[in-house]
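One structure below.
Please treat every number below as a calculation from the coordinates, not as lab data. Since we're looking at a predicted model, the values are computed, not measured. Counting neighbours? That spans all protein chains shown, and the Cβs are built from the backbone with ideal geometry, glycine included.
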Amino acid sequence: MARESRATLRYTRFFVMTLDNLANILVERDGAVATITVNRPKVLNALSMATLDELRRAILALKYDAGVRVVILTGAGDKSFIAGADINELAQQTPVAGREHALRGQHVLDLIEHMGKPVIAAINGYALGGGCELAMACTIRLAADTAKLGQPEINLGIMPGYGGTQRLSRLIGRGRALELLLTGDQITAAEAHRLGLVNRVVTGANLMGEAHKLAHTLAAKPPIAMRYIIDAVNKGLQMALPDAQVFEATLFGLAATTEDMREGTKAFLEKRKPEFKGN
Ligand code: COA
């Protein structure tokens, strides 16, 4: 085999992710929309280390699957989205393992935030601790009116470790974040909406329908421009403003190289609906 094709094979294999042997999550496809359901209803979908690892594998598999344009993330049943990290595991952890656990959780949530495709959190009940942190790593949050959100780690003598202190303060502001983090209080979906922690509140019966409606709307948009917008916002927020603006301008220029840009502008001028192909 030629040297170059061997390298290509290795490269391809590196990115091929299988979704075999999933015991804690379900992954379903509806056209360009994939739904990941954390499926441990007996423990209110608490995130064990094995569950986090399955989420990591699923996110990578869906990221590199060109047929998938939008992901919905939810919890099994109608009581809980995710009730946090698995407290059975937390209770056993040593300091070294605790640090490793937090770093792994942060890694998985970073993968979600920087997936380059919109991830919609459909918050169908308790989103506490790691569940609230996971929802905050998603691109858009829809909540059932019965949902409860919060960072109750303080009540266990610990603190958020999956990036929650940082994402919450960036999302709702330092003062409000500190109040939630220090009291550990659970707040209603309506209060979370008032604080800007969730984008929209709908009835529990409509939650998945609304999530799918939004997902299909987003799936029809040009995916390269969508990826650049997500990158410009999420990565740009981690840069100094002048650097972020240069980054934005560079992505703006790159978007101008796409067929989808030609189609979008042409369709407007021809007064017809654009058909985006993702190239
Ligand atoms: N880790 C492990 N197990 C959990 C869990 C978690 N984060 N959250 C809930 N469970 C388990 C409970 O231990 C219980 O198991 P059991 O039936 O074997 O006793 C089961 O899920 C149902 O929970 P329960 O507490 O009986 O339900 P509830 O309706 O009375 O209360 C909550 C719901 C969410 C308020 C409560 O479960 C809770 O406070 N959970 C922990 C939230 C938390 O602190 N998360 C942050 C972790 S860092």
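Computed from the alpha carbon atoms alone, the convex hull of the chain holds 174 Å³ per residue. DSSP finds beta bridges in the chain, and of those with both partners inside it, around 25 percent are antiparallel.
Averaging 1/r over each pair of different alpha-carbon atoms in segment 57-161 and inverting the result gives 14.5 Å, the Kirkwood hydrodynamic radius. Listed by Cβ neighbour count within 10 Å, with the fewest neighbours leading, Asp145, Asp260 appear as Asp145, Asp260. By the beta-carbon count within 10 Å of each Cβ, the least crowded to most crowded order of Cys132, Cys138, fewest first, is Cys138, Cys132.
Counting Lys and Arg as +1 and Asp and Glu as -1 over every other residue whose Cβ lies under 9 Å from the Cβ of Met226, the net charge comes to +4.
For the chain, which DSSP H helices look membrane-span-like by this rule: Cα extent along the axis of 20 Å or more and mean Kyte-Doolittle of at least 0.0? Answer set is 49-63, 241-255. Computed from phi, the 3J(HN,Hα) profile of segment 76-81 under the Karplus parametrisation 6.51, -1.76, 1.60 (θ = phi - 60°) reads 6, x, 10, 9, 9, 6 Hz, with x in place of Gly and Pro. Couplings for segment 138-146, taken from phi via the Karplus curve 6.51 cos²θ - 1.76 cosθ + 1.60 with θ = phi - 60°, read 6, 6, 9, 10, 10, 10, 6, 5, 8 Hz in order; Gly and Pro are left as x.
Exposure here means at most 13 other Cβ atoms within 10 Å; with GluC sites (Glu not before Pro) in a DSSP loop as sites, the longest stretch of the chain lacking them is 1-269. Residues whose amide H comes within less than 5 Å of that of Ala85, counting only those at least five positions distant or on another chain, are Leu47, Gly130, Gly131 (H built at 1.01 Å from N in the peptide plane). Residues Phe247, Phe276, arranged from fewest to most other Cβ atoms within 10 angstrom of their Cβ, appear as Phe247, Phe276.
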